[in-house]
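The values are calculated or read from the model by the stated rules, or taken from the named source; none is laboratory data. Note that the structure is a prediction, hence the values are computed from the model and not measured. Here the Cβ is made from the backbone with ideal geometry for all residues, glycine too, and neighbour counts use every protein chain on show.
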Amino acid sequence: MAQLNQDQIESLYRFTRQHFVVHYDLQTELVDHMASGIERLWEKNDQLTFEQARDREFKKFGVFGFMDVVEKRQKAMNKRYSRLVWKHFIEYMKLPKVAGFILITFLTFLTLKLTSYSEAFFLGTIFTVLAVYIFCLYKARRKVKKVKTDDGKQWMLQDIIYNQGNMGGAIALLPLHFYNILGLNNFHQLSDFWFAILSLVICGLFLFMYIMSVEIPKRAEEYLKDTYPEYKLS
Amino acid sequence: MYGYEITQKVKAETNGNLILKEGALYPVLHKLEAQGWLTVEAERVDGRLRKYYKITEAGDKERVNLLQSLQEYLKTMEQLFQPKWSY
């Protein structure tokens, strides 16, 4: 039975890239599918050239080519990522980690209460956290750039982990909106109950930010190995 | 089973009456995988990487549930339309 050689397999990888499949995990699956199809076509008709057989196989994906597969894969992977974030969050809501979360929430409550008259302190705290966050993001970015240039392979989950981590920045800015909504004049008139709710929301949001920007990117390698059995083989 | 094998199996089992399109197969496989109903293993075959899909325990339970729902649905449709299968 005629089989594809390494050059033809490489050419199929290039073909998928030309058709907007940028992630290696999906490229691999599509290359194997096309290769199996081409070999089957050659069994029936050995006069077909590699290019002719390849184009016939590609036609089976429909008018949009690989686009639909890519789009749905992205959706499924985002769902997987959300589950991952949620799993980490739940971990923090269980003992012993929840004790630390309660302590930090309580400290935030005290800080908010004591500094409710100090605009500078409130804004300063948020900007300090943001500065630390931007530094962490910068470090994470450098790491992913290095990973990409080392072997030239892009993994979809890796992209999501590092790009979604950026979304944490938007979360970090949310407390500023509380400030905008409440206004400084009303801020110190809040009851303890509302200070407690505000502390809980702020700490919850910053916990999400920490998970998305620091904790998950730190364990990215482990999650890639879990998600992609081909990660070790590639 | 791997992607291409699934399309060929469906074609063979249904004598070519049901053609599973590539554009439909992979999105479904990826969705089931994300839901934890399928698991993936990879192997190097004929000089290229191949991904094999396997049903998980949770996936098997879901399969039974879905088949039951389908059976009930078909029964209801049959009651509703009372088709004459033979004359």
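Summary of values
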item: Residue match in the stretch B:41-49 (condition: among the small types (G, A, S) and loosely packed, with under 10 Cβ neighbours inside 10 Å); result: no
item: Boolean, A:G100 is at pLDDT below 75, small (G, A, S) and loosely packed, with under 14 Cβ neighbours inside 10 Å; result: no
item: Given (1) modelled with pLDDT under 90; (2) within 16 Å of A:L157 (Cα to Cα); (3) not basic (K, R), index of the condition A:V70 fails; result: (1)
item: Every residue from the stretch B:35-52 that is facing chain A (nearest Cβ under 7 Å) and in contact with a Leu (Cβ under 7 Å, 6 or more places away or on another chain); result: B:A42, B:R44, B:L49
item: Subset tally (residues that are modelled with pLDDT of 90 or more and loosely packed, with under 13 Cβ neighbours inside 10 Å) for the stretch A:103-139; result: 2
item: Only one of A:K87, A:K72 that is closer than 30 Å to A:L30 by Cα and within 14 Å of chain B (Cβ to nearest Cβ); result: A:K72
item: Residue match in the stretch B:56-70 (condition: more than 29 Å from A:K59 (Cα to Cα) and assigned to a loop (DSSP other than H, G, I, E, B)); result: yes
item: Pair list, Cβ under 6 Å, 6 or more apart: the stretch B:19-34 residue within 7 Å of chain A (Cβ to nearest Cβ), other residue among the small types (G, A, S); result: B:G23/A:G62; B:H30/A:A76; B:K31/A:A76; B:A34/A:A76
